[in-house]
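Report on the following structure.
The values are calculated or read from the model by the stated rules, or taken from the named source; none is laboratory data. No experiment lies behind these values; they were computed from the predicted model shown. When we count neighbours, we look across all protein chains shown, and the Cβ atoms used for this are built from the backbone with ideal geometry, even at glycine.
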Amino acid sequence: MEKLVIKGGKTLSGEVPISGAKNAALPLMCASLLTDEPLTLTNLPRLADIATLADLLNHMGVGLMFKGGRGGKISGRTLTLDGATIADTVAPYDMVRKMRASILVLGPVVARMGEATVSLPGGCAIGTRPIDLHLKALEAIGATIELADGYVKATAPDGLTGGTVRFPFASVGATENVLMAAALASGETIIENPAREPEICDLAECLNAMGAKISGAGSETIHIQGVPKLHKATHKVQPDRIVAGSYAVAAVMTGGELLLRDAEPCHMGATIAALESAGATVSVEERGIRVKAGKRILPFNLVTQPYPGFATDLQAQFMALASIADGASVITESIFENRYMHVSELCRLGADITVTGSSATVRGVKKLTGAPVMATDLRASMTLALAGLVAEGDTTIHRLYHLDRGYERLEEILSDVGADIERVAD
């Protein structure tokens with residue numbers, strides 16, 4: 001096991017590269033199950049979640065070839081996935097339990113093979129995230145669903161048929177699953193109230209490059225005209241808006257200035273607005289987004305919302321920012337009911353946070369103080385690193401496997417812009 005040791009008090013300055021988006025790359029990798037021809041993904045992030053899904057796809061018969069990295073099979077920036085043969089339509093518990101996104105193999109495999117069996121998924125313990133919307137959506141386009149012994153079995157021996165899917169609330173994963181499955185269904189599928197995240201648009205763009213007929217991604221209604229077969233394609237993974245937002249917070253908290261190289265401003269409207277409400281200056285440049293801290297951090301109020309609202313995946317990071325603001329901020333979490341597990345760890349560093357129901361009141365303090373802390377989930381791990389950057393003394397973060405699921409080379413990137421941070425054996 002490893003841990004991060006951070007000596008706070010350094011001002012960050014320079015530029016940080018924004019990697020490909022994890023939340024875009026994972027469904028794009030699953031799209032390889034839809035065709036017997038190669039799918040090549042470029043700008044792939046080097047993350048533990050990518051490795052986990054790569055192992056699952058390889059187990060199911062997908063060939064993998066990484067290129068452009070520095071040692072190790074998952075270090076490549078380019079990945080070619082060859083699904084010429086699907087050898088196993090079962091995604092077993094031991095592989096799926098590590099990551100919730102594994103459920104995204106269900107739709108593509110049942111669409112192509114007529115059956116798929118997937119263990120109920122795992123992932124971060126940030127609240128109840130049932131997969132019933134995935135299952136109802138697949139049923140709406142012709143799949144038969146059975147639940148037994150902790151597994152979901154979907155069958156469509158005569159193929160999927162298309163239909164109308166009406167989501168009671170927007171679900172990113174369920175939208176991705178049915179989007180992929182419907183690409184090979186006979187007839188038209190209409191998705192009403194789909195998720196509108198940029199990652200949905202990225203997946204639709206890739207599927208269209210593979211020969212799918214999808215329109216309306218990013219809007220309130222998506223239309224998919226099913227085709228009998230998809231073909232090879234090459235697709236670039238979009239930049240990670242959550243990683244970019246996290247480094248933006250680092251710039252503001254440390255009183256510094258960072259160029260977020262390759263960040264996409266059109267994906268980050270709510271994040272930019274939140275940064276500006278905290279007193280930061282944000283400007284769009286040819287090479288990315290520049291974030292400069294204000295003279296002081298202003299208090300702010302936030303409510304997490306489905307895209308294009310403020311992302312739940314940035315709630316924890318902005319709570320760290322609010323913890324040293326000049327006044328009291330209120331943050332309301334409307335997506336996941338258990339996404340305040342980082343609060344107790346922030347308070348160990350001296351933050352003043354009171355949680356009442358779904359809202360947290362964060363009273364800014366003059367300083368945080370370093371202490372040993374433990375990451376409870378992916379975004380919480382980054383939150384503790386942000387707090388450690390400004391805390392007096394040493395902050396030691398344990399359970400780095402959470403961090404490595406979503407942040408690539410964090411300690412190297414932060415060190416390059418002035419942080420005193422080191423990964424050491426625990």
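Name the pairs: first residue in region 147-161 and assigned by TED's automatic domain parsing to the domain that holds P130 and touching a residue at least 12 places away in the same chain (Cβ under 8 Å), second residue surrounded by fewer than 19 Cβ atoms within 10 Å (Cβ to Cβ) and in a strand (DSSP E or B), Cβ to Cβ under 6 Å, at least 6 apart or on different chains?
Close Cβ pairs satisfying both conditions: K153/E146; A154/I145; T155/E115; T155/T144.
Could you list all residues from region 273-291 that are in contact with a helix residue (DSSP H, G or I) (Cβ under 7 Å, 6 or more places away or on another chain) and closer than 23 Å to S323 by Cβ?
Matches in region 273-291: A274, L275, A278, A280, V282, V291.
Out of the strands (runs of 3 or more DSSP E) lying entirely within region 333-375, which hold 1 or more residues that are closer than 17 Å to F300 by Cα?
352-356, 359-363
Taking only pairs six or more apart or across chains, which ones have beta-carbon atoms under 7 Å, a first residue in region 195-208 that is without any contact (Cβ under 8 Å) to a residue 60 or more places away in the chain, and a second residue that is part of a loop (DSSP other than H, G, I, E, B) and crowded, with 24+ Cβ neighbours inside 10 Å?
I200/P194; I200/A217; C201/A217; A204/A217
Looking at N43, N58, can you tell me which residue is over 26 Å from G114 (Cα atoms) and outside the structural domain of R409 (by TED's automatic domain parsing)?
N43 is the lone residue from the list that is over 26 Å from G114 (Cα atoms) and outside the structural domain of R409 (by TED's automatic domain parsing).
Answer yes or no: is there a residue in region 394-401 that is surrounded by fewer than 24 Cβ atoms within 10 Å (Cβ to Cβ), closer than 16 Å to K3 by Cβ, in contact (Cβ under 8 Å) with a residue 40 or more places away in the chain and out of contact with any strand residue (DSSP E or B) (no Cβ under 8 Å at 6 or more places or on another chain).
yes
Residues G76, G72: which one is touching a Phe, Trp or Tyr at 6+ places or on another chain (Cβ under 6 Å), closer than 12 Å to I50 by Cβ and at pLDDT below 95?
Answer to the selection: G76.
Being in contact with a Gly (Cβ under 9 Å, 6 or more places away or on another chain) and of a type in the set (S, T, N, Q) is the filter; apply it to region 247-297 and report the residue that is farthest from A316 (Cα to Cα).
Among those residues, the one meeting the criterion is T281.
Considering every residue within region 184-197, establish whether at least one is at pLDDT 95 or above, assigned to a helix (DSSP H, G or I) and buried (at least 19 other Cβ atoms within 10 Å of the Cβ).
no
Provide a single number: the residues in region 162-193 that are on the phi < 0 side of the Ramachandran plot and either in contact with a strand residue (DSSP E or B) (Cβ under 8 Å, 6 or more places away or on another chain) or not assigned by TED's automatic domain parsing to the domain that holds H231 (or both).
The total comes to 15.
Does region 375-392 contain at least one residue that is in the same structural domain as V330 (by TED's automatic domain parsing), modelled with pLDDT of 95 or more and surrounded by fewer than 16 Cβ atoms within 10 Å (Cβ to Cβ)?
yes
If you take the residues of region 252-310 that are in contact with a Ser or Thr (Cβ under 6 Å, 6 or more places away or on another chain) and aromatic (F, W, Y), which of them is surrounded by the most Cβ atoms within 10 Å (Cβ to Cβ)?
Among residues in region 252-310 that are in contact with a Ser or Thr (Cβ under 6 Å, 6 or more places away or on another chain) and aromatic (F, W, Y), the one surrounded by the most Cβ atoms within 10 Å (Cβ to Cβ) is F310.
Looking only at region 311-332, filter to residues that are part of a loop (DSSP other than H, G, I, E, B) and hydrophobic (A, V, I, L, M, F, W, C); which one of those is nearest to D240 (Cα to Cα)?
The qualifying residue nearest to D240 (Cα to Cα) is A311.
Whether any residue in region 87-95 is over 21 Å from the mean Cα position of the chain (by Cα) and among the hydroxyl-bearing types (S, T, Y) is what I want to check.
Yes, because at least one residue in region 87-95 is over 21 Å from the mean Cα position of the chain (by Cα) and among the hydroxyl-bearing types (S, T, Y).
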